[in-house]
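A short write-up of the structure that comes next.
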Amino acid sequence: MIVLDDNTKQKLIELYARKNIALEGNILKLIDSTDDIEFDAYIKTCTTRDKENRRKRLEITKQIQDQNKQLVESNEQNQQLMIELQQAATDAEQSKCDAETARDAAMDSLDMIQKRTQFELINLIVRISLIIIIGVGVTTTVIYMVALFVNKDTQIIGSTWSNMFGILLTNAFSIIGTIMGVKYASDSNK
């Protein structure tokens with residue numbers, strides 16, 4: 001046990017009274033205060049205060065430990081969410097690539113269908129135009145030949161016949177040129 005002199009005891013009591021500073025810790029267990037009632041009350045006050053401070057520090061430590069535990073759990077959850085977000089982003093990027101590939105395939109199919117339809121339409125227009133041109137040419141030629149065999153005046157029919165063939169040839173080339181121009185203009189490679 002530690003025995004303090006009266007002057008030291010008095011200074012410790014005054015320090016506590018003036019500035020609220022008291023002894024703390026295990027030293028309180030070693031100080032002998034049995035012969036001085038005032039100093040014994042001081043030591044009991046310091047011991048009670050020390051116990052209260054230790055209890056408060058223990059509560060604060062427990063709170064901090066609980067908060068740290070919650071922070072660790074939150075951090076683990078955040079890391080798991082980040083992994084899930086990265087996976088979702090990767091999946092979304094893959095879906096986007098798949099959608100673009102499907103869209104490109106659909107566009108290629110549509111382009112092929114349009115070209116085939118245009119080609120079929122051009123073939124139909126050329127056939128019908130040639131049939132009409134050939135039909136008019138044959139009809140005009142037959143009328144001209146009939147007029148020649150009947151020995152009628154064929155000069156008017158002959159000039160009409162040559163004009164008709166000139167017009168028919170011009171129209172035939174015009175139709176074919178227009179169709180080829182449309183085909184050339186609609187070709188996406190040019």
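For Asp35, all conditions in the list (1) surrounded by 10 or more Cβ atoms within 10 Å (Cβ to Cβ); (2) modelled with pLDDT under 85 hold save one; what is the number of the exception?
Single failed check for Asp35: (1).
Considering only region 134-151, I want to know if a residue exists there that is under 30 Å from Ile167 (Cβ atoms), surrounded by 10 or more Cβ atoms within 10 Å (Cβ to Cβ) and in contact with a Leu (Cβ under 8 Å, 6 or more places away or on another chain).
yes
Do you know which residues across region 101-119 are loosely packed, with under 11 Cβ neighbours inside 10 Å and either at pLDDT 85 or above or of a type in the set (A, V, I, L, M, F, W, C) (or both)?
Thr101, Ala102, Arg103, Asp104, Ala105, Ala106, Met107, Asp108, Ser109, Leu110, Met112, Ile113
Within the group Glu120, Glu100, Glu93, which residue is charged (D, E, K, R), part of a helix (DSSP H, G or I) and closer than 30 Å to Phe165 by Cα?
Details: Glu100 fails: closer than 30 Å to Phe165 by Cα; Glu93 fails: closer than 30 Å to Phe165 by Cα.
Being charged (D, E, K, R), part of a helix (DSSP H, G or I) and closer than 30 Å to Phe165 by Cα holds for just one of Glu120, Glu100, Glu93, which is Glu120.
The values are calculated or read from the model by the stated rules, or taken from the named source; none is laboratory data. Note that this is a predicted model, so its numbers are computed, not measured. Positions of Cβ are backbone-derived with ideal geometry, glycine not excepted, and every protein chain shown enters the neighbour counts.
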